[in-house]
2 protein chains.
Amino acid sequence: MTASSNILFTNAKLADGALADLGVTGGRFSAIVPAGGGVATDARVVDLGGQLVVPAFVEGHIHLDTSFYGDAWRPHIPCINGFDVRERVAFQAQNLAAAAPMEERARNQLELCIGNGSLAMRSHVMVDGSVGLKHLEVILAVREQYREQIDIQLVAFPQSGILSSPGTPEFLDEALKLGCDLIGGLDPASFDRDVKGHLDVVFGLAQKHGVGVDIHLHDGGSLGLFQIEEIAARTRALGMHGHVAVSHAYALGDIDNAALMKAGEMLAASGVAIMTNAPGNHAFPPVTALRQSGVTVFSGSDNIRDSWWPYGDGDMLSRANLIGYRSGFYEDWELTSAFDVVSHAGAKALGLEGYGIAVGARADFVTIKAEHVPEAVVAVPKGRTVYRAGKQIRTCS
Amino acid sequence: MTASSNILFTNAKLADGALADLGVTGGRFSAIVPAGGGVATDARVVDLGGQLVVPAFVEGHIHLDTSFYGDAWRPHIPCINGFDVRERVAFQAQNLAAAAPMEERARNQLELCIGNGSLAMRSHVMVDGSVGLKHLEVILAVREQYREQIDIQLVAFPQSGILSSPGTPEFLDEALKLGCDLIGGLDPASFDRDVKGHLDVVFGLAQKHGVGVDIHLHDGGSLGLFQIEEIAARTRALGMHGHVAVSHAYALGDIDNAALMKAGEMLAASGVAIMTNAPGNHAFPPVTALRQSGVTVFSGSDNIRDSWWPYGDGDMLSRANLIGYRSGFYEDWELTSAFDVVSHAGAKALGLEGYGIAVGARADFVTIKAEHVPEAVVAVPKGRTVYRAGKQIRTCS
């Protein structure tokens, strides 16, 4: 190795099984050579002891403003007459009023996620007529505090709808001025009862501010598929290929194979990514079929211990395990694909620059006590060390 | 507290939230009193510091003979023409021939399970025309080695069928003489193509040896339900209430609510327990509906990293989490019921004597860093200490 390095990480097990030495200069990988392939004299040497080295995980869908993680336990209460988002939002408002300060709760989640190895994140933040910009102001400040540790994209998320929550379009507009990176949406049909009107606001604001789109879409079956088609059509028409995502997209788990193939081709051609958290008792987008169609499928923790459900561990490696478990992934290539969903595919969906274990990429990586990626996905070892720009920032045993 | 104790565990958080002191004499709980309620002078005191104390978990379905856990990674290979148990058994035979000694692999699994807090277990062990009694002889010896640490029930499991695997009835008979606690079975319809013939052997041997029955039943829909009905009918006719279990019973996840209610009443009346591991991408028995019908639903890891699939962590607390996640359990009572499945319900299904945190019960317990049972189920904290008959045998951070 001739390039000089600030740090040389030796004996790194790469995803292909090779043992390598990784040179890091200025926070980026400057050289990747076979182990023992040469050491620059000015480099500080860190022996990784043959541990698996993977790029830091991508947490593609989280809600930093609404979790109670690290706060008092708040028992879940079901909606009285079946699930109702508005009733749930009211329950959430009541819970949040009694909770620890939002900043503290957001930091709790960030510590959890970073400790598990996620160094890039997309968080939805409530911006609507009920809370205005209050949540966003807090989360923007927290993002600043964590800028050195994790890259956070914020989505202005109309949790109470857009057309049915007075003042929301203006708040969303303001949120994008304040620093949100994307505009969100929520079930245009079932929530606002106006698919065109809802998407007009979402894509109008996206065009006005030159930002991406990430829409929550729980609507299932043909109603959900119709909205996915509408989102894809607007994405193509506006030249937003690669800048639009549909989160949840349960409809893709409801339709037959022929319809799924067609939807996959449409999503791939339009450059619309699909986010799934692999829910436990709900049909969800078939990961392999979509990937084979060329769709970018990424993942996230979604809610962590909040008013919507009590689950979530902020660990994208355990999420990869869950994606595999729920998808019936048994073979090595399948387990590896689940890992791709929480790493490279996530980076693609978020449009991250310089991602991966490659010369020129940012040295954001995680060491894991596993022989290889498939074993890491099934075993989810907790003994990890997290490096940001080549600097060790967290370790857990 | 007036009873003298060998050990006094102070500041134990019980499931009802109360802080208690637990006296242990001769390996059993001799007193449970409010914390600070009085200490016998001759007791050694162990301060549990307010940690949650729960009874040791019950691993109700595992295969000690076939796992590769702790051995080399063996990639999963799918059956060529769709899933086929015989092809899988052949793949397993090939894998096992190349694997570390069975005793070593069984010990690896036991260390994993005990470390996570399971101190009672039911393991199926292959007994059929293909392996004869070879597996059983090894596992019987391992059970002896671990007798002080964990109670193990062994099921003589005809992995290659009974009628279609020559010599199997005789091997099963011999296995029960050698020390198996239960007789197993495997999909009487789809595997042996003879429900009556298969069950005649299973229940005939159960009657001959006075042992219980635990049958693997993957057959779904009406075919599976028919076999469940047959098993329940034989259980009633032979007065085996409480001594029969159906493992997997996927059919119960396929049928409509009315049929499920009827099946639940039948199972409860017959005293047939249902084991589910909450599979990831397959319908499974609805836990709450069955419990509400009075059915004993228990759980197990099933396969851990073997020729059938790569998953499994040998952690019944994480299994409770999975049961909850797959069942849509969000409320505290639901999370608590998932915990019951891996503890008290498991103890009932296995017919364990002296189970629980109660005076007179065996002091087999686990301390967990959680506020209460629902939090333990969603957080699955790894920081646990495992006590057998009041003696600390494992701790993990």
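Of B:95, B:321, B:81, the residue with the greatest mean-square motion in the GNM of chain B, using alpha carbon springs below 10 Å, is B:81. In order along segment A:326-331, the phi-based Karplus estimate (6.51 cos²θ - 1.76 cosθ + 1.60, θ = phi - 60°) of 3J(HN,Hα) comes to 6, 9, x, 8, 10, 7 Hz; Gly and Pro are listed as x.
Loop-located GluC sites (Glu not before Pro) across segment A:94-167 with a Cβ neighbour count of 11 or fewer within 10 Å are A:148, with loop assigned by DSSP.
Where both residues lie in segment B:57-350, what percent of DSSP beta bridges are antiparallel, nearest 5?
On the way: 1 of 31 bridges.
If I count the DSSP bridges inside segment B:57-350, around 5 percent turn out antiparallel.
Note on A:311-322: average number of Cβ atoms from other chains within 10 Å of each residue's Cβ is 2.
Extension gain for residue A:233 to residue A:164 (0.36 nm times residue separation, less C-alpha to C-alpha distance): 22.4 nm.
Dividing the summed helix terms, -39500 (n - 2.57) for each DSSP H run of n ≥ 4, by the number of residues in chain A produces a 222 nm estimate of -11000 deg cm²/dmol to the nearest 500.
Let me confirm one metric for peptide A:76-88, namely the mean number of other chain beta-carbon atoms within 10 Å of its residues' beta-carbons.
On the way: counts 9, 3, 3, 0, 0, 0, 0, 0, 0, 0, 0, 0, 0.
Taking all residues of A:76-88 together, the mean is 1.
Shielding by partners for B:325-331, please: the mean number of other protein chain Cβ atoms within 10 Å of each residue's Cβ. Don't skip to the end; give the middle numbers.
On the way: counts 10, 5, 2, 5, 6, 8, 5.
The mean count of partner-chain Cβ atoms within 10 Å per residue comes to 6.
If r is the Cβ-Cβ distance from residue A:134 to residue A:87 and R0 is 22 Å, what FRET efficiency results, to the nearest 0.05?
On the way: r = 21 Å, r/R0 = 0.96.
For residue A:134 and residue A:87, the calculated efficiency is 0.55.
Taking amide H as placed 1.01 Å from N in the peptide plane, the amide H of residue B:247 sits under 5 Å from that of B:215, B:216, B:217, B:275, each at least 5 places away or on another chain.
Taking a 20 Å limit on the Cα-Cα distance, which of the listed pairs A:391/B:382; A:13/A:369; A:348/A:382; B:13/B:382; A:348/A:369 fall beyond it? Display every interim value, and only then the final one.
Details: A:391/B:382 27 Å; A:13/A:369 10 Å; A:348/A:382 26 Å; B:13/B:382 17 Å; A:348/A:369 26 Å.
Those over the limit are A:391/B:382; A:348/A:382; A:348/A:369.
Considering chain B as a Gaussian network with a 10 Å cut-off on Cα pairs, which listed residue, B:46, B:297, B:127, attains the greatest mean-square fluctuation? Judging by the Gaussian network model, the answer is B:46.
Note on residue A:104 and residue B:269: the model spin-label points, each 7 Å out from Cα along the C-beta direction, lie 5.6 nm apart. Here the peptides A:53-60, B:340-347 are ranked by packing, the mean other Cβ count within 10 Å, and the order with the highest first is A:53-60, B:340-347.
The antiparallel fraction among DSSP beta bridges confined to the protein assembly as shown stands at about 45%. GNM remark for chain A: springs join alpha carbons under 10 Å apart, and the peak mean-square fluctuation among A:43, A:189, A:370 falls on A:43.
Cross-link partners of residue B:177 among lysines, defined as those whose alpha carbon lies under 18 angstrom from its own and excluding same-chain residues fewer than eight positions apart: B:134, B:208. Exposed loop sites here are trypsin sites (Lys or Arg not before Pro) in DSSP loop states with at most 13 other C-beta atoms within 10 Å. What is the longest stretch of chain A lacking them? Excluding the exposed sites themselves, the longest stretch runs over A:194-397.
Using a 7 Å projection from Cα along Cα-to-Cβ, the label point at residue B:35 is separated from the same position in the remaining copies by 4.8 nm, smallest value first. Against chain B, whose longest principal axis comes from its Cα atoms, helix B:102-116 is set at around 40 degrees.
For the protein assembly as shown, compute Rg over Rh where Rg is the Cα radius of gyration and Rh is the Kirkwood radius from the inverse mean 1/r over Cα pairs.
Values: Rg = 27.6 Å, Rh = 28.1 Å.
A ratio of 0.98.
The modelled label-to-label distance for the pair residue B:79/residue B:262, using points 7 Å beyond Cα in the direction of Cβ, is 3.0 nm.
Listed by Cβ neighbour count within 10 Å, with the fewest neighbours leading, A:171, A:284, B:157, B:226 appear as B:226, A:284, A:171, B:157. Remark: segment B:281-294, residue by residue, has Karplus-estimated 3J(HN,Hα) of 9, 8, 4, 9, x, x, 5, 5, 4, 5, 4, 5, 7, x Hz, where x stands for each Gly or Pro and the curve is 6.51 cos²θ - 1.76 cosθ + 1.60 at θ = phi - 60°. For residue A:189, inter-copy separations between label points set 7 Å beyond Cα along the Cβ vector come to 3.7 nm, shortest first. Computed over chain B, the percent of Cα pairs more than 26 Å apart is 52. Quick one: go through segment B:49-86 and flag any residue whose amide nitrogen is under 14 Å from the point 7 Å out along the Cα-to-Cβ line of residue B:35. Under 14 Å, as judged by backbone N against the label point of residue B:35, lie B:49-53 of segment B:49-86. Each copy carries residue A:75; placing its label point 7 Å along the C-beta direction from Cα gives inter-copy distances of 5.0 nm, listed from smallest up.
Counting only alpha carbon atoms, the long axis of helix A:257-270 and the longest principal axis of chain A meet at about 70°.
In this structure, the amide hydrogen of residue A:25, modeled 1.01 Å from its nitrogen in the peptide plane, lies closer than 5 angstrom to those of A:6, A:30, counting only residues at least 5 positions away or on a different chain.
The numbers here are math on the coordinates, done by the rules we state, and not lab data. These figures come from a predicted structure and were not determined experimentally. No Cβ is skipped: glycine too gets one built from the backbone with ideal geometry, and neighbour counts run over all protein chains shown.
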